[in-house]
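Q: I have a structure I would like to understand better, so I am pasting it below and will then ask my questions one at a time.
What follows draws every value from the coordinates through simple rules; no lab data is involved. Here the structure is a predicted model, which means the values were calculated and not measured. Note that we place each Cβ from the backbone using ideal geometry, even for glycine, and neighbour counts take in every protein chain shown.
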Amino acid sequence: MPDIYDEKMKTIRVNDQIELREIALSDAMDIFKTIDAQRYYLGKWLPFVETTRKVEDTEAFIRSILETPPKFREYTFVIHYNRGFAGLIGFKSTDQTNRKTEIGYWLSERYQKNGIITESLKSLMALAYNELNMNRIQIKCAVGNSPSNNIPKRLGFKFEGFERDGELLSGDVYTDIAVYSKLKNDE
């Protein structure tokens, strides 16, 4: 079982190679440089790539997270793999009343196929179920993004169906979204 969230350090130690650390303004340059260097690769499935044109755009994104009152703030983590910036993962659209949340993620191309997202998701699932008292976790993936869709399948999430035209991608093109979920008692 991976270590759960260390409140003091604002980190989750997933394993010897992977650490998740709460996002900070100081991460803006690493995030922006990765997006800027991989516009085609990341932009194929991530709508925000098209509108992230300068480091100030990334800083504004981070500020929007950090300026949310703590009671309502979603945990967003930078992923470090062997101490290098690899991507982002975090909760979104959390509904405290109904004890459910969604997890979103993206990973730099150079870090693909190392199990980083799979292992990071296991840690966030433990945090959601054990510390945040969530009952349901949802993951949404663009239908054509097979590597992303394989992750919830590998982790035992149930396929619930498609959200037709659920996300607007670059070039004003809609894509269907596959919806997966896992309940606490599915563990």
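Q: Can you give me the distance in nm between label points at residue 57 and residue 25, each placed 7 Å from the Cα along the Cα-to-Cβ direction?
A: Reported label-point gap for residue 57 and residue 25 is 2.1 nm.
Q: Of all beta bridges DSSP finds with both residues in the chain, what is the antiparallel percent, to the nearest 5?
A: 90
Q: By how many nm would the segment from residue 160 to residue 48 lengthen if fully extended, with 0.36 nm per residue of separation less the alpha-carbon distance?
A: Values: separation 112, 0.36 × 112 = 40.32 nm, distance 2.53 nm.
Result: 37.8 nm gained on full extension.
Q: Taking the simple approach of a point 7 Å from Cα along Cα-to-Cβ for both residue 153 and residue 130, what is their distance in nm?
A: A separation of 2.9 nm, rounded to one decimal place.
Q: Positive end of the dipole of the chain, charges at C-beta (+1 Lys, Arg; -1 Asp, Glu), about the Cα centre: which of 171, 49, 17 has its Cα farthest in that direction?
A: Selected residue: 17.
Q: Return the calculated 222 nm mean residue ellipticity for the chain, to the nearest 500 deg cm²/dmol, obtained by summing -39500 (n - 2.57) across DSSP H runs with n ≥ 4 and dividing by the residue count. Present the calculation step by step, with values, prior to reporting the outcome.
A: Numbers: 5 runs with 47 residues, N = 187.
Calculated from helices alone, the mean residue ellipticity at 222 nm is -7000 deg cm²/dmol.
Q: What whole-number distance in Å separates the alpha-carbon centres of segment 128-156 and segment 96-121?
A: 7
Q: Still on this structure, I have one more. Can you give me the distance in nm between label points at residue 17 and residue 68, each placed 7 Å from the Cα along the Cα-to-Cβ direction?
A: According to this spin-label approximation, the distance is 3.0 nm.
Q: Tell me, what is the FRET efficiency for residue 36 and residue 176 to the nearest 0.05, using R0 = 25 angstrom and their Cβ-Cβ distance as r?
A: Rounded to the nearest 0.05, the efficiency is 0.35.
Q: Additional query: So how many Å³ per residue does the convex hull of the Cα atoms of segment 27-148 work out to? It would help to have the intermediate numbers written out before the result.
A: Working: hull volume 14.0 nm³, N = 122.
Convex hull volume per residue, Cα atoms: 115 Å³.
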